[in-house]
Amino acid sequence: MASTNLPLTTAIDYADRAHGDTSSAKSKKESTYASKISEFSGIVSATRKVFIQRVDSEEGSILENSEFKLPSRRSLFIIIAGNALFQITFFIVVSSASAYTEHLGGSPTFAGLIIGIPALCSGLALLVITRVDEGRYDGPLNLSYAAMILGNVLYALAYRANWLYLILIGRIVSGFGFICFLYSKRYCSDPRIVGIRRRTTLASWLVVGQGIGFSAGPFFGGLLYKIGFSNPVFNGVTSPGWVMAVVWVMFWGLHTLIFKDVSPHFREQAIEMTHAQQPATTSQITRQQWGVIISNIPVFTAEALGYSPYRAGNFIALGGICSFPFLLLNVWYARRVQDRVTLAFGTTLGFVGLLIMLAILHTDKVTFSSLFVCWFLIALGFNLASTCTLSLLSKQLPDGWNNRTSMAIQYSNYVGRVTGAILGGAGVKIGMVNYVGIQLAVVGLGGVIYLTLWRQLKAKTG
């Protein structure tokens, strides 16, 4: 029988081989596990990278979309069209206010007060209304419509009552309606509904409405005065009040049907302005020229050219009509040109118009053509400049400051309209050279400050 015992060396070799095979298998298994773990880690890492890129892309898309957002077209129409109607209501009495007050025993300065007093009353009313509006628009707009209707009716009844101060009372009541000048501006820069790259565009539409107002208002006021309507209730000087009262009744009904209000606002953040943010407020200075220029034209043209209220109204309207195509063109360019450039260009045009006016006064060559060139440059220049005041300020300050910036711009506008209307009515008395010199001083001071702060006024376009 053969023996089953193996030699010792053979047994040792067999054991070493078996142990080696087991170690090799275990090593391969561990290597496979490591490879799979590494492959899984790579997949996780790649997935995480793709996810992060997608989230970043979505966040960037959301941010970009938020910069271009707009409210509903119907609501925007109410704001922009309403702004144009408010401008027409403000300026429609310019042509005949002097004749109206003279008929009731008033002076040209009192006529200027009639034009400017609504701005003062509106400014006082805003101190209360902005504290209780909760960031909404429906309530203030309804109050404005009611004030417009009642104020225009009282203005028209002054002739029948033969009481000079009823004109003033009517305009004071209308002043509570002109609070919507603020709410139109605030709506078009409200960060809840308007993106930062759409604010200058909407501000340009507001200025188009302003152009319509100072063109159509004096024209229709002068036209109604020309027609006359020999009636103690509805005549040349009272018809603007009656017509606008009816228009506001109809517009109020349209507002009720299509306007959609916003939700209550967030609390304004108590953010301290930085050094770089403060200079933007100086851009509002150009708005102070409008009341001065508009209010003086009927008085000055009557003195220098023998114009009636009808012809003076047509003269104002002609300058506005000629500048209107450029204002519409500015709506398109507003998306592509920086606000500070538009502001500089507009202010320069207005300044040149004032310089030409001063030159023709010194040479005593006041004609229709020379005066029209001045008026056109002033109308176009300061209209263009005024498109950027609110939008530029809102772009440089935190969103929570929207109400404050709107009020700052509006109060600047009110100061210009009140003081300008009174100064305009008395322009001939104080001397036209002095009158134009005051305007040049104001614009020149604003221009110097503006050029000093050129770098700080850089902001996004649109």
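Assorted remarks:
- Boolean, Leu445 is assigned to a helix (DSSP H, G or I), aliphatic (A, V, I, L, M) and over 24 Å from the mean Cα position of the chain (by Cα): no
- Within the stretch 200-235, being over 16 Å from Ala81 (Cβ atoms), among the small types (Gly, Ala, Ser) and open to solvent by less than 10 Å² (accessible area, probe 1.4 Å) holds for Gly221, Gly222.
- Out of Phe300, Phe315, Phe326, sole residue that is at pLDDT 80 or above, part of a helix (DSSP H, G or I), of a type in the set (A, V, I, L, M, F, W, C) and out of contact with any Phe, Trp or Tyr (no Cβ under 6 Å at 6 or more places or on another chain): Phe326
- Unmet requirement for Asn413, which otherwise passes all of (1) open to solvent by less than 40 Å² (accessible area, probe 1.4 Å); (2) farther than 21 Å from Ile117 by Cα: (2)
- Count - residues of the stretch 146-167 that are among the hydroxyl-bearing types (Ser, Thr, Tyr) and surrounded by 22 or more Cβ atoms within 10 Å (Cβ to Cβ): 2
- Out of Asp364, Asp399, one residue alone is on the phi > 0 side of the Ramachandran plot and open to solvent by 40 Å² or more (accessible area, probe 1.4 Å). It is Asp364.
- Wholly enclosed helices (runs of 4 or more DSSP H) of the stretch 97-170 bearing at least 1 residues in contact with a Lys or Arg (Cβ under 7 Å, 6 or more places away or on another chain): 108-132, 138-161
The values are calculated or read from the model by the stated rules, or taken from the named source; none is laboratory data. As the structure is a prediction and not an experimental result, all values here were calculated from the model. Positions of Cβ are backbone-derived with ideal geometry, glycine not excepted, and every protein chain shown enters the neighbour counts. We work out accessible area using only protein heavy atoms, side chains counted, and drop any ligands, DNA or RNA first. Shrake-Rupley method; radii C 1.70, N 1.55, O 1.52, S 1.80 Å.
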